[in-house]
Amino acid sequence: MPDPARRDPLSTLERDSGLLWHPYAPLDAGAHFSVTGAAGPYVDLCDVAGASHRLVDGMSSWWSVVHGYRHPFMDAALTAQLGSFSHVMFGGLTHGPAVDLAERLVAFTPPGLDHVFLADSGSVSVEVALKLAVQYQRARGRDRRRFLALEGAYHGDTTGAMGVCDPVGGMHTDFAGLLASQLFLPRPPLPEASPAEVDAWVIKAENFVDAHGAEIAGIIVEPLFQGAGGMRPYHPAALQSLRRLATEIDAVLIADEIATGFGRTGSDFACRAAGITPDVMCLGKALTGGYLTLAALMCSETVADVITASSHRALMHGPTFMANPLACAAAIASISLLFAADEGGWEAAIARIAPALESGLAPARGFEHVAEARVTGGIGVVELDRPVDVGLTTRIAAEHGVWLRPFRRHIYTMPPYISSPEVVDTVTAAMVAAAAAHGDGCEFEVAS
Ligand code: PMP
């Protein structure tokens, strides 16, 4: 048998094409690079010509690797757990890493979220949240199965989660008949919207809930910032009104903090910034510092009590890899770093990153074809007035020493929290250069 670790990385790229599917890409699309190593904020890559590149990971591997790669504290935590046990079923058994993690999550999330379900990915935690809301309503003697979500939402790729994603961008038509028909409110107003605009949206939400309240099991939102659906912040009053409306109709308010949680938008949890506590909160991505897949569903006492009083008495879900001990060990270590009171914590990181993003992206505002350049906490976005050429952007960013993965009209970054201002400057320079290349007169073809 050939040793896979000894294969030439170039051949990895070649062997990949036509063999493996990548996210939302044709089978033969191929990858841009193969990864040969990673350390700190950098990924070591090999291109199709066999050339090596060390690039800053401006994506934090889809917003998860917040402490960077091969972080010594994270590595040590995983190694220690490996020396104990890597996996064990969670039905009828428990273990220290799961209990330690759950205690920490209860301590660090907004007060009132006292019960924890550990799921295997963000999408699965959303599935569990949707099932929980339906179970909650049944236990209350109601047959409510629909969900109220927001246009522009993204909650994951499993079937239930897809159903509450944006009805246009979420490919509902492709999967008509498979996805449940859900209810959508227009995108909430931007943070800088006028009071009149905010009031108009709130009135729309109230009228909608008046008309459909009897069907609504739960309301699901990404609090204060919509990520994959458009990298767009919104006004806290919209979230506060949804909290009030959910209480009024006794629907379960589900806050999907999978992307926003752990400091990314500039507060530890976006719900806390808006001064609300949801009934259910989903966490993922940065939860394990991107080391392993794990998500957590946090739930209020009131909702948990209703589930316990239901006919099943249980939350009806139980995956094979529930509460995987290695993933729990990674999450405990990640949370220790995130909430450390030194420069490694999320707060100091965002204080360092946000101003660097702001100054670095400012030049993009001068381009005619840039609709907006905005910074929300540790997220920097340049939104074009046209679709991004992914191939062009990837190439220009790589030439500037950065790995970026734009989508639709957005060239964006969520740099690792360990990034120095100089590293952030490298990222923003690449973003501005990539944006500039999309101007009129710079011919490009729109690639997928
Ligand atoms: N919810 C939100 C807000 C997300 O951004 C994502 C992933 N981008 C998910 C859910 C799904 O998480 P996962 O990819 O881990 O299934």
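With contacts taken as Cα pairs under 8 Å and at least 6 residues apart, the chain reaches a relative contact order of 19 percent. All Cα-Cα separations within segment 248-379 were binned at 5 Å from zero, giving a P(r) of 2, 9, 14, 16, 17, 14, 11, 8, 5, 3, 1, 0, 0, each value a whole percent of the pairs. Protection proxy ranking of 164-174, 271-281, by the mean of other Cβ atoms within 10 Å over each peptide's residues and highest first, is 271-281, 164-174.
State the dimensionless ratio Rg/Rh of segment 166-205 (Rg: radius of gyration of Cα atoms; Rh: Kirkwood radius).
Numbers: Rg = 14.1 Å, Rh = 12.1 Å.
My calculation of the ratio gives 1.16.
Surface calculation, 1.4 Å probe, protein heavy atoms: L45 sits at approximately 10 Å² accessible. Here the spin labels are modelled as points 7 Å beyond Cα on the Cα-Cβ line, and at A348 and S420 they lie 1.5 nm apart. Per residue, the convex hull around the alpha carbon atoms of segment 199-246 comes to 82 Å³.
Share of the chain's accessible area from carbon and sulfur, percent, 1.4 Å? The nonpolar share, carbon plus sulfur, comes to 57 percent. Classify segment 359-448 from the C-alpha gyration tensor, please: rounded if a/c falls under 1.5, else prolate or oblate depending on whether a/b exceeds b/c. Verdict is prolate for segment 359-448. Listed peptides 195-201, 37-43 appear in the order 37-43, 195-201 once ranked by packing, highest mean of other Cβ atoms within 10 Å at the front. Per residue, how much accessible area does segment 95-245 have with a 1.4 Å probe, in Å²? Accessible area per residue, segment 95-245: 39 Å². Taking a ≥ b ≥ c as the square roots of the eigenvalues of the alpha-carbon gyration tensor, segment 315-367 is classed oblate because a/c is 1.5 or more while a/b is no larger than b/c.
Indicate the gyration tensor shape class of the chain (rounded, prolate or oblate), computed on the Cα atoms with a ≥ b ≥ c the square roots of the eigenvalues: a/c under 1.5 is rounded; otherwise a/b larger than b/c is prolate and the rest oblate. Verdict is oblate for the chain.
Given Cα pairs under 8 Å that are at least 6 residues apart, what percent is the relative contact order of segment 201-331? Don't jump to the answer; show the numbers that get you there.
Working: 171 pairs, mean separation 24.7, N = 131.
Value for segment 201-331: 19 percent.
Counting charges near G163 (Lys, Arg +1; Asp, Glu -1) among other residues having Cβ under 13 Å from its Cβ returns a value of -1.
So what is the accessible area of segment 254-405 per residue, in Å², with the probe set to 1.4 Å? Don't skip to the end; give the middle numbers.
Values: 5170 Å² over 152 residues.
The answer is 34 Å² per residue.
If you take the Cα centroid of segment 235-268 and the Cα centroid of segment 193-213, the two points sit 16 Å apart. Each peptide in 359-365, 317-323 gets a packing score, the mean of other Cβ atoms within 10 Å over its residues, and the list from highest to lowest is 359-365, 317-323. Considering the chain as a Gaussian network with a 10 Å cut-off on Cα pairs, which listed residue, A228, A341, A98, attains the greatest mean-square fluctuation? Residue with maximal mean-square fluctuation among A228, A341, A98: A341.
The values are calculated or read from the model by the stated rules, or taken from the named source; none is laboratory data. Model, not experiment: these values are computed from the prediction. No Cβ is skipped: glycine too gets one built from the backbone with ideal geometry, and neighbour counts run over all protein chains shown. In case anyone asks, the SASA skips ligands and DNA or RNA and just uses the protein heavy atoms, side chains included. Shrake-Rupley method; radii C 1.70, N 1.55, O 1.52, S 1.80 Å.
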